[in-house]
1. Mind counting the residues in segment 79-90 that are part of a helix (DSSP H, G or I) and either open to solvent by 50 Å² or more (accessible area, probe 1.4 Å) or within 18 Å of L50 (Cα to Cα) (or both)?
2. Can you spot a residue in segment 38-54 that is under 22 Å from G158 (Cβ atoms) and assigned to a helix (DSSP H, G or I)?
3. Looking only at residues that are farther than 24 Å from A96 by Cα and among the aliphatic types (A, V, I, L, M) in segment 115-165, which one is modelled with the highest pLDDT?
4. Please find, within segment 8-31, the residue that is modelled with the highest pLDDT out of those that are on the phi < 0 side of the Ramachandran plot and of a type in the set (A, V, I, L, M).
5. Is there a residue in segment 21-28 that is under 22 Å from L7 (Cα atoms) and more than 15 Å from the chain's Cα centre (by Cα)?
6. How many residues does segment 93-122 hold that are over 14 Å from W144 (Cα atoms) and open to solvent by 60 Å² or more (accessible area, probe 1.4 Å)?
7. Could you please find all residues in segment 91-129 being on the phi < 0 side of the Ramachandran plot and not in a helix (DSSP H, G or I)?
Amino acid sequence: YEEAAELSEKAKPLPKMSFMEVYHLFCDGLTAFQLARVSSASNTSKWMALGEEATARFRFYEQCSTWNWENNLFLLEAECHRCNLEEDKAKAKYEASIQSAQDHRFVHEEGLALEFYGDFLLSIRKKEEAKERYANARVCYEKWGANAIISRVEEKIGRTAPTTS
């Protein structure tokens, strides 16, 4: 993720609200929240600020086109709540992101929201629920034809298998 953040900074497009810029911001926000969770305490506030800035900007984009950006905003908000250890709020936003992606027929973004929700559930030790979200994400990625992503999700499904003593 640190390498992704560095490359993202180098490739940042000029602001003009193009699809490229909006997706770049979305990926920046997701990356920042991930890094906020795994970074040293001294860097956490830096990454949280970047994630929160991306989320705030996404609120503007979502107002311009709910159809296109609502599910992305909900996913960014879910990740922010996850970082702030607000489990109930995070769950509600993950579910809202999934529903919005379904409503707007963005199967790839539904898969992404399901996968992130699975990661969250696994982090709070809800393996069975995580496995279900990962399996649903796999179906979405299959529909989308994203075979490389399917392999990654299958590895995550494997991590939800019960451990034997």
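The values are calculated or read from the model by the stated rules, or taken from the named source; none is laboratory data. Worth saying up front: this structure is predicted, and the values here are computed from it rather than measured. Glycine gets a Cβ as well: all are built from the backbone with ideal geometry, and neighbour counts include every protein chain shown. Note: accessible area is taken over every heavy atom of the protein model, side chains too, but ligands, DNA and RNA are not part of it. Shrake-Rupley method; radii C 1.70, N 1.55, O 1.52, S 1.80 Å.
1. Total satisfying the criteria: 8.
2. Scanning segment 38-54, I find at least one residue that is under 22 Å from G158 (Cβ atoms) and assigned to a helix (DSSP H, G or I), so the answer is yes.
3. Among residues in segment 115-165 that are farther than 24 Å from A96 by Cα and among the aliphatic types (A, V, I, L, M), the one modelled with the highest pLDDT is A148.
4. Out of the qualifying residues, it is L30.
5. Of segment 21-28, the ones under 22 Å from L7 (Cα atoms) are 21-28.
Checking the rest, the ones that are also more than 15 Å from the chain's Cα centre (by Cα) come to 21.
Looking for residues that are under 22 Å from L7 (Cα atoms) and more than 15 Å from the chain's Cα centre (by Cα), one finds at least one in segment 21-28, hence yes.
6. 3
7. H104, F106, I124, K126, listed by residue number.
Residue-by-condition table, conditions (1) loosely packed, with under 13 Cβ neighbours inside 10 Å; (2) touching a Lys or Arg at 6+ places or on another chain (Cβ under 6 Å); (3) among the acidic types (D, E); (4) modelled with pLDDT under 90:
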{"position": "A4", "(1), (2), (3), (4)": "no, no, no, yes"}
{"position": "F33", "(1), (2), (3), (4)": "no, no, no, no"}
{"position": "A49", "(1), (2), (3), (4)": "yes, no, no, no"}
{"position": "R57", "(1), (2), (3), (4)": "no, no, no, no"}
